[in-house]
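The values are calculated or read from the model by the stated rules, or taken from the named source; none is laboratory data. Quick caveat: nothing in here was measured; it's all calculated off a predicted structure. When we count neighbours, we look across all protein chains shown, and the Cβ atoms used for this are built from the backbone with ideal geometry, even at glycine.
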Amino acid sequence: MSQNENDRDSNQNENENENTRDSSRNENSERPEVGHDTSVESHSAIAGNTVQHDSDADGKAFRLYLAALGRTPDSSGMATWMNAINGGTDLEHVANGFTHSTEFQSKYGDLNNAEYVHQLYANVLHREPDAAGLANWVGALNSGETREHVLVGFSESAENHAHAAEMVHGVDYQTWVG
């Protein structure tokens, strides 16, 4: 193989690698990072079938109640959303159930994106937004991200995890609402 052919092959490989990097950036840039993992965390086998089970379904449902409605869950609602999460429903879909409720609409319904994010900071994190966080979330909403995605980001934030843990003082969520 001549030097020109080697150079051409090398340039083609570099271009393919660059295209791969660019496409992954575009995929990642479509959805801002929310700093949480809503994936199914554990699996168990029953009668040869894999059954999905989320070991933190109770915590996720509890935190979503706090974030969306600013209150602790009622037992039947908690059970409904825990079952949905354990059944494999992702948190954004669960959040959709909250955002379309009358209770949620009375808190957030007529707010523009900046007002919505300000209200989430106040209701969920109990503080004023920092400039970078506010810009990130408002920018995401203005770019077409859903309010459910942003709500889940707040719900699953480290700050809301700590707030929820303080409320139940280490008691298992299911026991607490049961």
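What to note about this one:
- Output for segment 150-167, where each listed residue is more than 8 Å from the chain's Cα centre (by Cα) and of a type in the set (A, V, I, L, M): 158, 162, 164, 165, 167
- In segment 120-150, the residues that are of a type outside the set (D, E, K, R), under 21 Å from residue 60 (Cβ atoms) and surrounded by 13 or more Cβ atoms within 10 Å (Cβ to Cβ): 120, 121, 123, 124, 125, 137, 140, 146, 149, 150
- From the options 55, 44, residue that is loosely packed, with under 13 Cβ neighbours inside 10 Å, modelled with pLDDT under 50 and small (Gly, Ala, Ser): 44
- For segment 85-134, the helices (runs of 4 or more DSSP H) that sit wholly inside it and include 2 or more residues that are aliphatic (A, V, I, L, M) are 91-99, 113-120.
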